[in-house]
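The values are calculated or read from the model by the stated rules, or taken from the named source; none is laboratory data. Worth saying up front: this structure is predicted, and the values here are computed from it rather than measured. Cβ: placed from backbone, ideal geometry, glycine included. Neighbour counts: every protein chain shown. Please note that ligands, DNA and RNA were not included when accessible areas were found on the heavy atoms of the full protein model with its side chains. Shrake-Rupley method; radii C 1.70, N 1.55, O 1.52, S 1.80 Å.
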Amino acid sequence: MPVTFRNEQFSLIGQFSPIGQRFAWPKPGSVLETVGAELVRELARVGWDVPGIDVEFGTTGKGTNVVRRVHTISGETERGPFRLTFRNVQEQVGQTYHHTGLSDAAVPPGIEIRYWGNDHTLVANVYSGSDWLRDAKSFMDEFKKDYIPHLYRSYTAQVSPERLDADVRLGAKRGREDGPLSVTAGEVTGPVVDFIRDELIAKLRLLPSAEGHDDINEQGDANLRRLAQVEPIEAPEDFPVLYCWVDRNSAHRILGKSHGSYSDGSGDYVVDGTGWRLMNLSDLPRDANPRDFHPKINGYFSYASSDPAVKAAGPSNAVDYLNLPVEIKLRYLNDVLVADMAAYDDLREEMWQQVIAEGRKEFTGDEIRRSYGALARTVVSAADYDGSYKRPTYLIGRQLHADEARLIRGPVWVHVEKERVRALVKDEETGNEIALAHYEGSEWRKLGRWAVKEATEVAQMALSLLSRDIFRSNYNVKVIKDHEFPDPWARSAGTPAASAP
């Protein structure tokens, strides 16, 4: 089907909540943004679903401020394939940026341009091979293009929007050496604009209008709800309860206490699903084909574990020690993935032993990419997960609302034992004790009595948020000590500093 959606969260919101659906329209601007806006209007008029043209939609925003937008328009013509991408920011609503302006275009007979509106940088790749139809897909594939620099020449310059179609000159940057040393902005943008108007818009104008095409006001969904239905994947009754950890600002928002720059006017969600990226596609082994992996391995996620003692995170990020726990009971498994972090950690440990044996001090780039490749191979949809992973981490790529997630609240205290220090919260709903901070083993031996200080800091912050009494001005953390740490920095004359037992 030529109409697809990059993220399911907006469709789920539209189906399972009363907020409705909205669409962010591209606006006229530079010569590229203007022709892009014309094309989107025509596609909406004919009903989006047009043979030979694929339209991919993305989402922008959070909570009730989520809107749908065109992300990519691509397809095949008699002259070869084309691809148009809309990435320029044209509007800001609260804390939300709408990327609706046409920024990237690759069209026959071999011109690719990228124009970033924020810094006015125009990059043009001009094909100079002998068989465009043969090389077109490789030319348009970012992963293959690096292997065919002899088939094109790249140019770049800073160009204002007013002169994007003028005689501003772009200098040769890289690629084929026997091409022209420079081209004008008009020489590369002109063919792109002509292709969009002559090959796409002109042909769309010959088509009849689709029923419902006039539902294009700011509150309307641009006649998309008939195409955007997502079949909900209900979580089975035995699906595990999950736990993720959020920062203080997110906790404030969940509790309805957010203010100032952290308030986006859409506090109807609990977990936004747009946290840290799992990996970049460039992190994969050089000989790996991204199409052999789950298509969302390079997405942004909120990370969760079925074990409340595990602060789940991606391989290149960590949970801040001041983060707070959220309990998640998924109603739907849409846009939720599972990865086995053991595949990443175990391979790195195995390779590290080889590094030591060879007398090296660090991994090579290929070794790092191998570890990411091992992780990527484990990523599956939560609905397909068979429960066999050694250290499963759940990757939540959509928004969760109050019926699926809640901030854990209850009494907070610090417990000091001989070789362990913990800041704890007792969930007032389940009675479970969850460690907000936990120091033992090497961490305990390294920090000593400072572990108590850090745990108390965590508990103090948590207590101020998790207490039901929002009118209290002072929050005194209860510290239960089964062990008293000596001061490792205290010195007496002629004796070394005392050490933790």
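For the reader, a short list of remarks on this structure follows.
- Residues (at pLDDT 95 or above and crowded, with 20+ Cβ neighbours inside 10 Å) located in the stretch 386-415: Pro392, Thr393, Tyr394, Leu395
- Given (1) outside any helix (DSSP H, G or I); (2) closer than 20 Å to Ser282 by Cα; (3) modelled with pLDDT of 95 or more, index of the condition Glu362 fails: (3)
- Whichever residue in the stretch 192-214 is in a loop (DSSP other than H, G, I, E, B) and out of contact with any helix residue (DSSP H, G or I) (no Cβ under 9 Å at 6 or more places or on another chain) and, among such residues, is least open to solvent (accessible area, probe 1.4 Å): Gly212
- Given (1) touching a Leu at 6+ places or on another chain (Cβ under 7 Å); (2) under 28 Å from Ser282 (Cα atoms), index of the condition Leu200 fails: (2)
- Matching option when the condition is at pLDDT 80 or above and either in a helix (DSSP H, G or I) or open to solvent by less than 10 Å² (accessible area, probe 1.4 Å) (or both), among Ala435, Ala423: Ala423
- Looking across the stretch 9-45, the residues that are within 22 Å of Leu84 (Cα to Cα), in contact with a His (Cβ under 8 Å, 6 or more places away or on another chain) and either at pLDDT 90 or above or surrounded by fewer than 22 Cβ atoms within 10 Å (Cβ to Cβ) (or both) come down to Ala44, Arg45.
- Checklist (1) open to solvent by less than 100 Å² (accessible area, probe 1.4 Å); (2) over 21 Å from Gly75 (Cβ atoms); (3) at pLDDT below 85 applied to Phe139, failing item: (2)
- Yes/no for Val326 being open to solvent by less than 50 Å² (accessible area, probe 1.4 Å) and more than 15 Å from the chain's Cα centre (by Cα): yes
- Residues in the stretch 171-184 that are over 33 Å from the mean Cα position of the chain (by Cα) and not in a loop (DSSP other than H, G, I, E, B): Gly171, Ala172, Ser182, Val183, Thr184.
- Contacts under 8 angstrom Cβ, first residue in the stretch 375-399 being in contact (Cβ under 8 Å) with a residue 12 or more places away in the chain and under 21 Å from Pro232 (Cβ atoms), partner buried (at least 17 other Cβ atoms within 10 Å of the Cβ) and acidic (Asp, Glu), 6 or more apart: Ile396/Asp335; Gly397/Asp335; Arg398/Glu8; Arg398/Asp335; Gln399/Asp272
- Restricting attention to the stretch 356-374, the residues that are free of Cβ contacts under 8 Å to residues at least 12 places away in the same chain and acidic (Asp, Glu) total 2.
- Close pairs from the stretch 422-438: first among the basic types (Lys, Arg), partner open to solvent by 80 Å² or more (accessible area, probe 1.4 Å), Cβ under 8 Å, at least 6 apart: Lys426/Glu433
- Qualifying residue in the stretch 46-58 (condition: under 20 Å from the mean Cα position of the chain (by Cα), at pLDDT below 95, open to solvent by less than 30 Å² (accessible area, probe 1.4 Å) and of a type in the set (D, E, K, R)): no
- Inside the stretch 116-167, residues that are part of a strand (DSSP E or B) and either touching a Ser or Thr at 6+ places or on another chain (Cβ under 6 Å) or without any contact (Cβ under 8 Å) to a residue 60 or more places away in the chain (or both) make up a count of 12.
- Inter-residue pairs, beta-carbon under 9 Å, first without any contact (Cβ under 8 Å) to a residue 40 or more places away in the chain and in the stretch 178-197, second among the aromatic types (Phe, Trp, Tyr) and open to solvent by less than 20 Å² (accessible area, probe 1.4 Å), 6+ apart: Pro180/Tyr155; Ser182/Tyr155
- Some residue of the stretch 466-477 being part of a loop (DSSP other than H, G, I, E, B), open to solvent by 20 Å² or more (accessible area, probe 1.4 Å) and at pLDDT 70 or above: yes
- Residue check, Arg370 in contact with a helix residue (DSSP H, G or I) (Cβ under 8 Å, 6 or more places away or on another chain) and open to solvent by 40 Å² or more (accessible area, probe 1.4 Å): yes
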